[in-house]
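See below for the structure under consideration.
The values are calculated or read from the model by the stated rules, or taken from the named source; none is laboratory data. For clarity, every value in this text was computed on a predicted model and none was experimentally measured. Cβ coordinates were reconstructed from backbone atoms using ideal geometry, including for glycine residues, and neighbour counts include every protein chain displayed.
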Ligand SMILES: Nc1nc2c(c(=O)[nH]1)N[C@H]1C(S)=C(S)[C@@H](COP(=O)(O)OP(=O)(O)OC[C@H]3O[C@@H](n4cnc5c(=O)[nH]c(N)nc54)[C@H](O)[C@@H]3O)O[C@H]1N2
Ligand SMILES: Nc1nc2c(c(=O)[nH]1)N[C@H]1C(S)=C(S)[C@@H](COP(=O)(O)OP(=O)(O)OC[C@H]3O[C@@H](n4cnc5c(=O)[nH]c(N)nc54)[C@H](O)[C@@H]3O)O[C@H]1N2
Ligand SMILES: [Mo]
């Protein structure tokens, strides 16, 4: 059948794919779009902006990846003609795959579906905006919530939260609650900061890179060049991942001729723990470090607190417990500890394999513990690096698109406005969805994203939105939420992408670097700027004679001036448009050992590994991205690096396949406490025994909506499942998206 795991990832295949994409929309057109001075739209590694398209924060060229091209090409598609919505009923939209929805074209006119509507109908902007404004005016403010994805600009994000708070609610949040929230919370608890402690330049001095719970070969491809360079310098890369991801073993970096021809070895050591086994594994590395007396005692004494309790906790953990909970042998753990002990500058990077757990925050704190043990925070070349998802998700956090503003931000905002803002406890994303499910919400306003598709427990999410009288989506393209996540009334408002904005916008990368995107000609006259829409609602709902004149806030520079006065660390944004001097947010990069927070010290935390035994026939399931998708947007059905040509598969360890008695492509029902997904094909894959892999968003039917109590993040990576042979029977009707 010709589908196998390749020997390496990246390389010519990525290049040929890119060339094919270019011929779709026209070479010159795509080249112009890619080289325009706009921040890349995909991941938060960041490129583009004033240094020029396809350049990273240090100015390195060429920086490009398939994902940025895919996102650009999708934005350059034809506009979706109104006839499309006459042809396809809402029921028919449900039969389209995420890929078909994305590829059907760009949204170019507001769409409306009312109670009992069979089809969306095109409406004019006046109707759409007045419907939203009247709903917001006429229903109680504590029944409204605001969600943002991570692709919108700082200007739109700031305005959204400003609108929500002046309107009188703190029910405002962003997709981080389903993503890196555990990183922000864990880092704040341990260090008093919530973002990366290093800048991109620091990685030039790093000699050991821990890559934990992430698959950058697919999801942050430009990081692969950095990893290759670390190895070339003689540095080491330790990968911690239950799945042997081929791109983390061998990657052909397309922009490097030698690597392209011969491939680059990435992992120096590849550890495959159980899903959720990281805390035990990290404690094991800490134990070995202490047993060989390789800790940096001077740093510990000067810059940290809580060490003795931590030491005792680690001491009390037996090697047997560590091995059985992590699934990794002591021998391998000692190898990792030895590399760690020899390193001068270690960086700890992690992604969703760490945060998507009921103990996500504790996972993050265990990583910090290990870094502190050898003084790997607070000096050049070493530190902590949450590898963020969306291109501006960190910016949206900085802009206050969060339920509870930090004290400094709130005080600045109040003194700027000259009034007191609501101090009521805000609701995070799951909090809002639960309230909606209880029938306690009247308006859901979503700035981008796919709130339905990103949610755990798809049936619950569908019901929550269904019970909401008005659901508003601001989007560029159609997604599964527009088919499955309808309210009693639903509005879809078409927006411009950042490179189509008439005024410049700004974005913040995961290295705390703020970029200016130039904007560009609008591709679709029917779509509007996000800022224009929000400011317009401000005028309609709150009027222009209150604390702010919303008409003036249509000017992005005016918003930036407000941000400079209010958002901590963002002063330089005031003159950014004029000077074009992109900058690092102040006080985020740590090159010395004075940490924020009252004591100025970093904290060890006693987080002990969770016990997570499997019952008879049970498996732990992770839900992950394929190489060909961006979150709920699927560009290609295949996952080339895992050798899969389709998405309705479950990947199991070959021994589990044998023990459960399944052959390749046998059809199963996957059963969890939240739902059933069927029919699914069973396939073998190099994954730690007892663990399984499926693709998000389809698998969200199976994800229970329980969350990490500290960060409020769902456990998208650890779902208890069993498998049953699939037999067609009338009792088993497919659930949404099955
Ligand atoms: N092409 C592309 N790029 C993207 C995205 C995309 O969808 N497509 N999404 C963007 C977004 S919003 C985000 S948040 C990031 C996501 O980037 P990633 O976090 O890399 O994405 P996931 O596919 O969720 O994969 C997580 C990895 O964690 C591993 N894993 C699962 N469970 C565990 C565990 O318990 N422990 C450990 N150690 N590892 C585990 C999986 O095997 C997998 O390799 O990527 C961003 N960039
Ligand atoms: N099971 C499972 N569930 C998960 C995850 C998982 O790993 N497993 N990952 C979680 C993570 S990490 C995240 S971040 C969330 C993602 O959740 P979201 O951020 O809510 O979802 P996306 O799929 O990224 O949103 C895609 C939509 O964004 C719109 N869009 C694109 N560009 C723009 C723009 O410039 N402006 C506006 N307004 N809209 C735009 C397009 O219409 C597109 O349909 O999902 C979470 N859910
Ligand atoms: Mo994310």
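Here are some notes:
- Tally of residues being touching a residue at least 24 places away in the same chain (Cβ under 8 Å) and either in contact with a helix residue (DSSP H, G or I) (Cβ under 6 Å, 6 or more places away or on another chain) or within 16 Å of residue 406 (Cα to Cα) (or both) across region 558-576: 10
- Out of 116, 105, sole residue that is in contact with a helix residue (DSSP H, G or I) (Cβ under 8 Å, 6 or more places away or on another chain) and on the phi > 0 side of the Ramachandran plot: 105
- Scanning region 530-548 for residues that are assigned to a loop (DSSP other than H, G, I, E, B) and either closer than 18 Å to residue 164 by Cβ or in contact (Cβ under 8 Å) with a residue 40 or more places away in the chain (or both) yields 543, 544, 546, 547, 548.
- Residue count, region 592-605 (criterion: modelled with pLDDT of 95 or more and either assigned by TED's automatic domain parsing to the domain that holds residue 370 or surrounded by fewer than 22 Cβ atoms within 10 Å (Cβ to Cβ) (or both)): 3
- Residue among 250, 274, 219, 241 that is over 29 Å from residue 314 (Cβ atoms) and surrounded by 22 or more Cβ atoms within 10 Å (Cβ to Cβ): 219
- Checking region 598-612 against the condition returns a match, with at least one residue being away from ligand 1 (no atom under 15 Å from the Cβ) and part of a strand (DSSP E or B).
- Against the numbered list (1) crowded, with 24+ Cβ neighbours inside 10 Å; (2) away from ligand 3 (no atom under 16 Å from the Cβ); (3) in the same structural domain as residue 533 (by TED's automatic domain parsing), residue 198 comes up short only at (3).
- Residue in region 662-674 that is in contact (Cβ under 8 Å) with a residue 60 or more places away in the chain and under 27 Å from the mean Cα position of the chain (by Cα) present: yes
- Of all residues in region 345-360, those being within 12 Å of residue 219 (Cβ to Cβ), part of a helix (DSSP H, G or I) and touching a helix residue (DSSP H, G or I) at 6+ places or on another chain (Cβ under 8 Å) number 1.
- Condition met for residue 153 (in contact (Cβ under 8 Å) with a residue 12 or more places away in the chain and either surrounded by fewer than 24 Cβ atoms within 10 Å (Cβ to Cβ) or outside the structural domain of residue 507 (by TED's automatic domain parsing) (or both)): no
Residue by residue, here is whether (1) within 13 Å of ligand 2 (Cβ to nearest atom); (2) touching a strand residue (DSSP E or B) at 6+ places or on another chain (Cβ under 7 Å) holds:
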position	(1), (2)
351	yes, no
358	no, no
367	no, yes
379	no, no
388	yes, no
401	yes, yes
410	no, no
416	no, no
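- Taken as a whole, region 114-122 holds no residue that is within 15 Å of ligand 2 (Cβ to nearest atom), part of a helix (DSSP H, G or I), assigned by TED's automatic domain parsing to the domain that holds residue 518 and closer than 29 Å to residue 171 by Cα.
- Restricting the first member to region 608-627 and to residues that are modelled with pLDDT of 95 or more, and the second to residues that are part of a loop (DSSP other than H, G, I, E, B), the beta-carbon pairs closer than 6 Å and six or more apart or on different chains are 614/690; 620/275; 620/718; 622/275; 622/717; 623/696; 623/716.
- Here is the figure for region 616-674: residues that are within 16 Å of ligand 2 (Cβ to nearest atom) and on the phi > 0 side of the Ramachandran plot total 1.
- Tally of residues being assigned to a helix (DSSP H, G or I) and either in contact with a strand residue (DSSP E or B) (Cβ under 7 Å, 6 or more places away or on another chain) or at pLDDT below 95 (or both) across region 301-328: 1
- Matching option when the condition is away from ligand 2 (no atom under 16 Å from the Cβ) and part of a helix (DSSP H, G or I), among 159, 136, 129, 211: 136
- Of the helices (runs of 4 or more DSSP H) lying entirely inside region 49-112, the ones with 2 or more residues being crowded, with 17+ Cβ neighbours inside 10 Å and in contact (Cβ under 8 Å) with a residue 24 or more places away in the chain are found at 66-75, 90-93, 98-103.
- Per-region count, region 169-194, residues within 16 Å of ligand 2 (Cβ to nearest atom) and assigned to a loop (DSSP other than H, G, I, E, B): 2
- Test: residue 620 is in contact with a strand residue (DSSP E or B) (Cβ under 7 Å, 6 or more places away or on another chain), within 13 Å of ligand 1 (Cβ to nearest atom) and not in a loop (DSSP other than H, G, I, E, B): yes
- Residue in region 197-217 that is within 16 Å of ligand 1 (Cβ to nearest atom) and farther than 22 Å from residue 277 by Cβ present: no
- Test: residue in region 246-265 that is in a strand (DSSP E or B) and either within 21 Å of residue 360 (Cβ to Cβ) or within 12 Å of ligand 1 (Cβ to nearest atom) (or both): no
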